[in-house]
Structure formats: C-alpha cells, structure tokens
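Sending over a structure as structure tokens; questions will come in a sec.
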Amino acid sequence: MLRNSVQDSAGSRPEPGGPDCPCGADSPGTFGHLLRAHRERRGLSLTQLAGLVHFNRGHLSKVENGKRTPSVVLGAACDRVLDSGSRFTAIATALEAASRPSAGWVHPAQLPAAKRFFTGRRRHLKQLSQWLGDDRSLAVPVAVINGPPGVGKTALAVQWAHQAVCDGRFADGQLFVDLEGPEPGEAADPFDVLGHLLHAVGVPGERLPGDLHQRAAAFRSYLHGREVLLVLDNAADAQQVHHLLPGSPGSAVVVTSRSRLPGLLSRVDAATLPMTELCRPEAAMLLRAMIGDARADADPAALTVLAERCGRLPLALVLAAENIVSCQHPSADRLAAELKAEEARLALAEGDVALRHTFDASYRALDEPSARIFRLLGLLPGQVIDVAATAVTAGVSHAEAVRLLRDLASAHLIRQQDERHYLMHDLLRVYAADLCRQLDGGTAAVQGEDRAKTEAALVA
Ligand SMILES: Nc1ncnc2c1ncn2[C@@H]1O[C@H](COP(=O)(O)OP(=O)(O)OP(=O)(O)O)[C@@H](O)[C@H]1O
Ligand SMILES: [Mg+2]
C-alpha cells in the first residue's frame, strides 16, 4: 500500500482517508487534506502553490477545504510540483470516475466458466477459503497456487472463485487476467495489464495514466473500499504480480503460476498452495465423469490403469477422456494399451491442446544449464533424484547440482522430497528423456560410470 509521506514526517497527523481523518477515503476531503499537508510541509503558501500548478488560488482553497472536486489535471500538477509520486493523480482519477455515472464503476464479472466435471481438491478449496476468508484484517489476502504444467491450477482458482461468489463474496466484481507466463518475452506487461484492468472497471482509454506506477496507483484507488476478487492467472514472476495488487482491505487475490515466484513473499504477504497430481480415486473419478458411466463400467480396471499411465495429471486425464469420447480410441482399455509405450503418452493431444506443447513452455523458460540438467534427469532410472548422483552424472560440482535442481524445483519441473532428494513426475521424465535423445544423443550425455548404469537401466 502507498505510504503517506506526509504522515511519515508529520508524525501525529491523521492519515488522509484513515480512521482519524475527518473525511472519507477517496473523497474530495481526502484530496484536500492531503494537499494542505503536502503544501505546508513544503513551506508553500496557497498563492505560491497556485502559481506553480497554474490554478486559481480561490479554487485551490476550496479544493483544500473539500468543497471542490479536483480534476485529474490538477492532481497530476500537484504530483509534479509536490513530488508526491502519483498519489494526487490516483485520487483525482478515482473521484472523477465516481462522479461520472455512465463511466463510473463497471461491475466486472470476468471469471471463465467453472469446469462441469471438476473433481476432488477439497482440501485445496478449504485452504483457499481459510486464507481468503472475510477476516476484516487490514491486509489484502493473496493466495498463490503453484505447481507443474497441467496440474489444475487455473481450474482450482476458477472453481474456488465461483464458489466464493455463490457464497455472496466479492459483490463489487471479479477480475480475471491471463499473465501469459512463464516464457520470457511472452509474459504480459503489467503496464498493459493494468490498462485492461482499469478499462474493465470503467476507466475510458483516454483517461488511462501514461506510466506504470500511476496506473498501479489508479488501480489501487479504484479498488479502494470495494470487495473485488482479482485472479492473476499464469504469472511469470513476482515483479509482474507485485504491480497489480490492490492496496486496501476488502479485496482478495488468487495468483496461479508454474513458478514458485521467488521474491514474492518478501514483497507481499502471500500464502502458497502447491499442487501435485490427483490421488488415485480422484483421477479415476475424473475419467469416469468425462467418459460416462457406461464406458467406465465396461472395464473399471482399465480406468485405473489409464489414470496411472496419464500420471494422474489432470491435463493428461482430460485429453485421454476426450480421445475416448471422440471415439479416436473406442475404450479406456484400448487407450491404456496404447499408452503402455511411454513415448505415446507425450502425444496426447486434442485440437490445439497438446501435452507436449504445455511442457514446452516451461522447458523454454529454463536457462541452458538448468535445461541440460532437466534433460539428463529424464535418463536417470527411477522417480527419485539424488543430488550427489546428479552432480556426478552431469559432470558438475555438488554446489552447482544443488543450485540447478533448486531452479527446476522452483519451476515445478521436479519437487523436493528431502534435503538430498527430488521427485520427477513420470510424464515430465518421459518428456525430458525424449528431449535428451533429440538434443544430447541420449546416454552419450551421461558422464562417467553412470553411463553404463543408465544404459543398463534403460534396457531393463
Ligand atoms: N480437479 C479437476 N477436475 C476436473 N478437471 C480438471 C481438474 N483440474 C484440472 N482439470 C482440467 O485439466 C486441464 C488442465 O487444467 P488447468 O488448465 O487448470 O491446469 P494448469 O495447472 O492451470 O496448467 P498450466 O500450467 O498450463 O496453466 C483443464 O482442461 C482443466 O479443466
Ligand atoms: Mg493455468
């Protein structure tokens, strides 16, 4: 939240818009009270300020007394002259929008549709409700859902959001924005995103502030005193998220990301909810819900095998179910048989959604040393990755192996089991092995004695 620099220096002065302030938040009184405090701190008379901002002294006096509503132009002039960031512009922008009935607050309802066959995740839904609950604290609750590609982060966020709205929360609206992470160069620019968000709540294009910090401040001003849910989907990094957060209580934020978003917690008071694949019964339930009881009952055991061959990853399960429903594969049994070959699993696709492409975006976001280790991990036998063995296999120091494995865990391409071990999801391992064969010549890339062991394990 923006701190009031006047209060910082004046100590006992009530915060404009705060509980001791004689005026309401974002009222003309807030602006006037703040303006007088800034002016006096600078030792400027009303006449001197009038000369600097090129406004009439009488008008300024009325603005200071809360009897006139300041324009955005005056707000910007005050910010320039009083060196107050974008505080006055933001308040004036919010006031102006509020005073124009046709261009005032537009109730946004941007949530995508919930999934008809949403399955499981009860613990996650409960956790989100606890964190994002209506606890009336001064903070804006932020929940970060993270996990590997296709694990169901967006589906969970949307499901929870709809439930919260049905329970009467976020009556002033719901904003949803795709931040287009994680590939560098592809991620949405917070400046543009703020433009879309401000536009969505009623700010006309010609009124959008021209600088990132002003837009962020204007967005916070618009959300002030309102109960809005903001879903920031597919965030690339902490910095991108940081600019977009509301500042005052009442609103809540759900962020989804494949990344752990390093650096976010030092900027924002957020709670993190990591996701993994569905449990066995839920994975089978999702397949059943999608393919229908008749097909599922024809061979329940095949359903279990199919779920395992999809690694219980929701995206793979959904693609498999769609394959069956569209009759590309007539039964769960036939598809499960085809997916016995690990490489065939990577080819799961329907329309423009392909498992491999979903993984590609995470892989392309890695720097080359991390990408190389990732590919090599695909060749190592077993699901468990030992840090020391990785160092030997990759021909790097132990410290370097630790660093690279942490990077991969941060991108949720592996997950930490304990201090010396990590786990890799089966489908990601198959994907990594495939890349290693294509780019590194397969086992030829493995260093030292481990090459023989790896070759033996691959043959076995
Ligand atoms: N619990 C669930 N029940 C039913 N379908 C689900 C569930 N979770 C995810 N899905 C479906 O699985 C697919 C992938 O889910 P989703 O897009 O939410 O994954 P994601 O983790 O957000 O992926 P990405 O990292 O690519 O953003 C979607 O079709 C989604 O509808
Ligand atoms: Mg998503």
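The values are calculated or read from the model by the stated rules, or taken from the named source; none is laboratory data. Bear in mind the structure is a predicted one, so any value in this text is a computation, not a measurement. Virtual Cβ from ideal backbone geometry, glycine too; neighbours counted across all protein chains shown.
Looking at region 331-345, which of the residues that are in contact (Cβ under 8 Å) with a residue 24 or more places away in the chain and of a type outside the set (A, V, I, L, M) is surrounded by the fewest Cβ atoms within 10 Å (Cβ to Cβ)?
Ranking the qualifying residues of region 331-345, first place goes to Lys340.
Follow-up question, since we're still on this one. Conditions: (1) surrounded by 17 or more Cβ atoms within 10 Å (Cβ to Cβ); (2) within 16 Å of ligand 1 (Cβ to nearest atom); (3) modelled with pLDDT of 95 or more. Leu197 meets all but one. Number of the miss?
So the condition that Leu197 fails would be (2).
Taking the conditions exactly as written (more than 16 Å from ligand 2 (Cβ to nearest atom) and among the β-branched types (Val, Ile, Thr)), does Val151 satisfy them or not?
Judged against the criteria, Val151 is not a match.
Further, regarding this structure: Kindly indicate the residue of region 145-171 that is within 13 Å of ligand 1 (Cβ to nearest atom) and of a type in the set (A, V, I, L, M) and also surrounded by the fewest Cβ atoms within 10 Å (Cβ to Cβ) among those meeting that condition.
Once the filter is applied, the top-ranked residue is Val158.
Provide a single number: the residues in region 314-337 that are away from ligand 1 (no atom under 16 Å from the Cβ) and of a type in the set (Ser, Thr, Tyr).
Within region 314-337, residues that are away from ligand 1 (no atom under 16 Å from the Cβ) and of a type in the set (Ser, Thr, Tyr) number 1.
Shifting gears a bit: Can you find a residue in region 379-391 that is in contact with a Cys (Cβ under 6 Å, 6 or more places away or on another chain) and closer than 18 Å to Asp434 by Cβ?
yes
Scan region 249-259 and tell me whether some residue there is among the charged types (D, E, K, R), at pLDDT below 95 and touching a helix residue (DSSP H, G or I) at 6+ places or on another chain (Cβ under 7 Å).
No: region 249-259 contains no residue that is among the charged types (D, E, K, R), at pLDDT below 95 and touching a helix residue (DSSP H, G or I) at 6+ places or on another chain (Cβ under 7 Å).
Still on this structure, I have one more. Would you say Asp237 is more than 12 Å from ligand 1 (Cβ to nearest atom), acidic (Asp, Glu) and more than 24 Å from Leu408 (Cβ to Cβ)?
No: the conditions fail for Asp237.
When region 69-88 is examined, which residues are found to be without any contact (Cβ under 8 Å) to a residue 12 or more places away in the chain and either assigned by TED's automatic domain parsing to the domain that holds Gly210 or buried (at least 19 other Cβ atoms within 10 Å of the Cβ) (or both)?
Asp79
Return the only residue of Val254, Val268, Val305 being more than 15 Å from ligand 1 (Cβ to nearest atom), under 30 Å from Ala94 (Cβ atoms) and of a type in the set (A, V, I, L, M).
Exactly one residue qualifies, and that residue is Val268.
How many residues does region 383-418 contain that are touching a residue at least 40 places away in the same chain (Cβ under 8 Å), out of contact with any strand residue (DSSP E or B) (no Cβ under 8 Å at 6 or more places or on another chain) and outside any helix (DSSP H, G or I)?
3
Return yes when Arg39 is closer than 22 Å to Ser221 by Cβ and at pLDDT 95 or above and no when it is not.
yes
What residue, of Gly66, Gly58, Gly32, Gly51, is in contact with a Cys (Cβ under 7 Å, 6 or more places away or on another chain) and modelled with pLDDT of 85 or more?
Gly66
Test Leu273 against the criterion of being within 16 Å of ligand 1 (Cβ to nearest atom), part of a strand (DSSP E or B) and modelled with pLDDT of 95 or more, and give yes or no.
For Leu273, the condition - within 16 Å of ligand 1 (Cβ to nearest atom), part of a strand (DSSP E or B) and modelled with pLDDT of 95 or more - is met.
So Gln127 ticks every box in (1) at pLDDT 95 or above; (2) surrounded by 20 or more Cβ atoms within 10 Å (Cβ to Cβ); (3) within 16 Å of ligand 1 (Cβ to nearest atom) but one. Which box is left unticked?
So the condition that Gln127 fails would be (2).
Could I ask something else about it? Can you find, within region 154-188, the residue that is farthest from Leu223 (Cα to Cα) among those that are within 11 Å of ligand 2 (Cβ to nearest atom) and touching a residue at least 60 places away in the same chain (Cβ under 8 Å)?
Top of the filtered list is Pro182.
Just to confirm my filter: which helices (runs of 4 or more DSSP H) fall fully inside region 125-243 and include at least 2 residues that are of a type in the set (Val, Ile, Thr), closer than 28 Å to Pro274 by Cβ and under 13 Å from the mean Cα position of the chain (by Cα)?
153-166
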